[in-house]
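To keep things clear, I will list the structure first and then write my remarks on it.
Quick note: the coordinates plus some simple rules give every number you see, no bench work behind them. In this text, all values refer to a predicted model and were calculated from it rather than measured experimentally. No Cβ is skipped: glycine too gets one built from the backbone with ideal geometry, and neighbour counts run over all protein chains shown.
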Amino acid sequence: MTRTFLALLEFDGRGFVGWQRQRSGRSVQGEVEAVLARLAGAPVAAVAAGRTDAGVHAEALGVSFALGERWTATALRRAMNALLPEDCRVGAVHEMAKTFHARRSALSRRYRYLIGTDDAAASPFRRHTEWALQRPLDLGALHDAAAAIVGEHSFVAFSVRGQEKPHYRCRIRTAEWRERPAGRGVEFRIDADRFLHHMVRMLVGTMVDAGLGRRPVADMPRLLASGDNAETSPPAPPQGLYFVTALYPRPLYAAPIEERHDALQPG
């Protein structure tokens, strides 16, 4: 018999080709599954709430898998952290219902993107964890651009070519820009039911061009309606992007949970 678990994984994306296993390169999935195989004595498949690109970070990426019933959430978190490399860590583990699946069970997903507009953004202590733009941005233009994408739209114009998807519609619940403390720049936060490959980075890249005055804010609704990414700005660099969390229904948790942002249904 096995138990189904949800591990909330945080990692520094600099050393990885992304979450998903690739033909070459070090993946987060490969590291996690290697650890689980050692604990189980057999191969274990791990599924993530979302696919992150090379260089993208995570604060609480939901990962589901099944292990023998002798394991408890507390013991599993301790064992995984003892074996994972130093750029990966499990923040929490929850036992879940047998039917739980980290990707299919998610109600929504949250990302954030950091941009440094100050000169110190080029510091070696910051440039690997944010976009060191080092130029001022028009916050009003950023707000207007973000407001244009809230709601349900087809995001073909903000996705890479060649994706085979049944549809390209995503429902954006929130999309907002805010100033970071101490004049360090701006932060973008977005929450949606699903995301397409490179979608957040392409949105940020296009909105930043509007914030720099390189293109009008009116381009956002125009691009959404066009269904073509030929005029979309280049994607923002990966190091500024963070997978924040995925939200799951309460009934899928096998035990009582704390009042945490990663465990609540969206209001």
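Considering only 111, 153, 11, and ranking their Cα positions along the charge dipole of the chain that arises from unit charges at the beta-carbon of Lys, Arg, Asp and Glu, the one farthest toward the positive end is 11. Ranking of 57, 198 by neighbouring Cβ atoms within 10 Å, starting from the fewest: 198, 57. Residues whose amide H comes within less than 5 Å of that of residue 215, counting only those at least five positions distant or on another chain, are 210 (H built at 1.01 Å from N in the peptide plane). The overall shape of the stretch 1-126, judged from the alpha-carbon gyration tensor, is prolate: a/c is not under 1.5, and a/b is greater than b/c. May I ask for the net charge around residue 212, where only other residues with Cβ less than 12 Å from the Cβ of residue 212 are counted and Lys, Arg are +1 while Asp, Glu are -1? Cβ neighbours under 12 Å give a net charge of +1. Look at the Cα gyration tensor of the chain: its axes a ≥ b ≥ c give a/c of at least 1.5 with a/b over b/c, and that counts as prolate.
Between the stretch 143-180 and the stretch 216-256, the alpha-carbon centres lie 5 Å apart. Shape analysis of the stretch 82-224 places it in the oblate category; the axes a ≥ b ≥ c from the Cα gyration tensor give an a/c of at least 1.5, with a/b not above b/c. Residues 215, 250, arranged from fewest to most other Cβ atoms within 10 angstrom of their Cβ, appear as 250, 215. If you take all other residues with their beta carbon under 14 Å from the beta carbon of residue 52, and give Lys and Arg +1 and Asp and Glu -1, the sum is +3.
Each residue of the stretch 185-195 was assigned a 3J(HN,Hα) from its phi angle through the Karplus curve 6.51 cos²θ - 1.76 cosθ + 1.60 (θ = phi - 60°); the sequence is x, 9, 10, 10, 10, 9, 9, 8, 6, 7, 9 Hz, with glycine and proline shown as x. Distance between the 7 Å Cα→Cβ label points at residue 147 and residue 255: 4.6 nm.
Taking amide H as placed 1.01 Å from N in the peptide plane, residue 92 has its amide H under 5 Å from the amide H of 8, each at least 5 places away in sequence or on another chain. When 195, 16 are arranged by Cβ crowding within 10 Å, least crowded first, meaning fewest neighbours, the order is 195, 16.
Working from Cα pairs under 8 Å separated by at least six residues, relative contact order for the chain is 23 percent. Cα centroids of the stretch 73-95 and the stretch 1-62: 12 Å apart.
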